[in-house]
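**Q** The structure that follows is given in the form of structure tokens.
The numbers here are math on the coordinates, done by the rules we state, and not lab data. These figures come from a predicted structure and were not determined experimentally. Reconstructed Cβ throughout: ideal geometry from the backbone, glycine too, with neighbour counts over all protein chains shown.
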Amino acid sequence: MRINLSSHDLKAADHAHHLHPFTDHGTFGIDDRKVISRADGVWLWDTDGNRILDGMAGLWCVNVGHGRSEIVEAVRAQMSELSYYNTFFKTSHLPVIELSKMLAEVTPAHMNMVFYGSSGSDSNDTVLRMVRSYWDIMGKPDKKVIISRKNAYHGSTVAGASLGGMGGMHGQGDLPIPGIHHIEQPYWFGEGMQSGMSEADFGVWAAQELDRAIEELGEDKIAAFIAEPIQGAGGVIVPPDTYWPEVKKILDKRDILFISDEVICGFGRVGEWFGADYYGTTPDFMPIAKGLTSGYLPLGGVVMSDRVAEAFHNSAAGEFYHGYTYSGHPAACAAAIANLEIVKKEKLVERVRDDIGPVLQKFWHALGEHELVGEARMAGLFGALELVPDKSDLAKRFANVGRVGTIARDHSFKNGLVMRAVRDSLIISPPLTLSEEEAGLLAKAARKTLDDTWQTLKSEGLV
Ligand code: PMP
């Protein structure tokens, strides 16, 4: 890297010239930032010389770990051969063909076609346009409404944020756009246990929200239901076991499409190739990104079912006026191919299901015994710790939601572990290559973080 400044001067330059995503710049001081300079495996190094365990795999994406020379080499070779060409106007190229073939092999049997973009957000823009176009092609142009869920995350573009169910995001930019309807989420710890229902009944109730919305709005107006198999950014919300079977029943009897947003759950995170495999659902669309390239280069896409693909191949469909300059970018496709080869060769999906997943889950569930933790949940390598003020009354929450989560997150960084705070929970999503020893280190740093947070809260009179 050419820039040659001291750690402090780097931070000052970042502060002066770089507007960060999802950041309150009013409170983001020069020295609040970390400048990450190097990474290898599950480890990060910053310009202050700290080594930090990357418990979030970057931003839920570096599934094969950092610094994989196989991907670097594949990208270098592709860049020398053909660094860019488009896939518009009846052209294609080798890496996009090879990757599409590979994806058809690992995605569910009824999904064999993919449309590319560069991110999860633009994949959801694509999905919104495809879903509505599909019903136009099928002669049902009134089917336009997409049902989503409160506290869902589907990206930051206008369509992505509208499909998402984050109130704060909707408040900026006059969202959601028309034609999106949000139903309740299956968040047992946050909302279910306060309802007086059992967890199983709450799961069924939350699923039936979908049926109630379809009744209310009219099946002839509904185009699709979109959901993350497990909500990620919303707080790693693993739904009750009764939720997806009930949703599946509803989808089976209703004439609407199902979009399983696999941007985080896809490519092994939950110990199956996709969240849809994990829960046995049958999607019509799967937006994908993140683990597709493990974040080595930006690439996203929308995998679609055969029935959708057939509709778009129908001669009555005409041209689909949609695409991005970087749809199927050759170097990004080369990164994805090399990445998927690693996932297959190292059996990372099976490893999460049978080996490192159960190991980390055991450590994680043991943290559930800590006095600060109300619930410790984890599916695959995807987990959350709910922090509570009084373990003897799990319905109680901290006042000033988010404050304790932030305190804990800051302690975690100091203890050499990246965990993310969502409200007053801590979440993790480490690389799928995590070793047993590293899982132990992760759990140790997480426990110290809970102890340190407890001490801070005690000294501030908050517990
Ligand atoms: N969908 C889901 C489920 C996500 O978690 C994310 C990103 N966290 C997105 C879409 C948006 O992806 P991107 O940030 O690549 O635009």
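**Q** Using a 10 Å cut-off on Cβ atoms, rank the peptides 334-340, 304-310, 51-57 from the highest mean neighbour count down.
**A** Values: 334-340: 25.9, 304-310: 18.6, 51-57: 22.0.
Order by mean packing, descending: 334-340, 51-57, 304-310.
**Q** For the charge dipole of the chain, defined by +1 on Lys and Arg C-beta atoms and -1 on Asp and Glu C-beta atoms about the Cα centroid, which residue among L53, L442, P283 has the Cα displaced farthest towards the positive pole?
**A** So the residue we want is L53.
**Q** Charges at C-beta only: +1 for Lys and Arg, -1 for Asp and Glu. How large is the resulting dipole of the chain about its Cα centre, in Debye rounded to 20? Could the numbers behind the result be given before it?
**A** Numbers: 45 positive and 61 negative charges, 118 e Å.
The calculated dipole for the chain is roughly 560 debye.
**Q** Could you grab the relative contact order for the chain? Cα pairs under 8 Å, six or more apart, rounded to a whole percent.
**A** Working: 881 pairs, mean separation 89.7, N = 463.
For the chain, the relative contact order is 19 percent.
**Q** Which helices pass in the chain if a helix is a full DSSP H run, must span at least 20 angstrom along its long axis by Cα, and must have mean Kyte-Doolittle hydropathy not below -1.0? Present the calculation step by step, with values, prior to reporting the outcome.
**A** On the way: long enough: 120-137 (25 Å, -0.56); 199-217 (27 Å, -0.21); 330-345 (22 Å, 0.87); 436-459 (35 Å, -0.79).
TM-like helix candidates: 120-137, 199-217, 330-345, 436-459.
**Q** Right, something else. In the chain, with Lys and Arg counted as +1 and Asp and Glu as -1 at Cβ, which of these residues, L372, I177, V158, has the Cα nearest the positive end of the dipole, that is, farthest along it?
**A** V158
**Q** Quick check for the range 70-345: number of Lys pairs with alpha-carbon distance under 24 Å, counting only pairs 8 or more apart or on different chains?
**A** 26
**Q** Sticking with this one: Rank-order 416-428, 34-46 by packing density, defined as the average count of other C-beta atoms within 10 Å over each peptide's residues, highest first.
**A** Ranked by mean Cβ neighbours within 10 Å, highest first: 416-428, 34-46.
**Q** Would you mind ranking C333, C61 by Cβ crowding within 10 Å, fewest neighbours first? Write out the running numbers ahead of the final one.
**A** On the way: C333 29, C61 24.
The fewest-first ordering by Cβ neighbours comes to C61, C333.
**Q** Can you order the peptides 351-360, 392-401 by their average number of other Cβ atoms within 10 Å per residue, highest first? Present the calculation step by step, with values, prior to reporting the outcome.
**A** Values: 351-360: 18.7, 392-401: 11.4.
Ranking, from highest mean packing down: 351-360, 392-401.
**Q** For the range 244-303 and the range 159-200, what is the separation of their C-alpha centers, rounded to whole Å?
**A** After rounding, the separation between the Cα centres reads 19 Å.
**Q** In Å, the Kirkwood hydrodynamic radius of the range 112-181 over pairs of distinct alpha carbons?
**A** Details: mean 1/r = 0.0794 Å⁻¹.
Radius from the Kirkwood sum: 12.6 Å.
**Q** Tell me the mean residue ellipticity at 222 nm calculated for the chain from its helices only (DSSP H runs of n ≥ 4, each -39500 (n - 2.57), averaged over every residue, nearest 500). Working shown, then result.
**A** Numbers: 16 runs with 183 residues, N = 463.
Theoretical 222 nm ellipticity from helices: -12000 deg cm²/dmol.
**Q** If you place +1 on the Cβ of every Lys and Arg, -1 on the Cβ of every Asp and Glu, and leave all else neutral, what size is the dipole of the range 70-345 about its Cα centre, to the nearest 20 Debye? Working shown, then result.
**A** Working: 21 positive and 34 negative charges, 98 e Å.
Once rounded to the nearest 20, the dipole reads 480 debye.
**Q** Could you tell me what % of all Cα pairs in the chain have separations over 42 Å? Kindly include the intermediate steps, with their values, before the conclusion.
**A** Working: 15637 of 106953 pairs.
Of all Cα-Cα distances in the chain, 15 percent exceed 42 Å.
**Q** Please list, short to long, the whole-number percent of alpha-carbon pairs of the range 70-345 in consecutive 10 angstrom bins beginning at zero.
**A** Percent of Cα pairs in each bin: 7, 29, 36, 21, 6, 1, 0.
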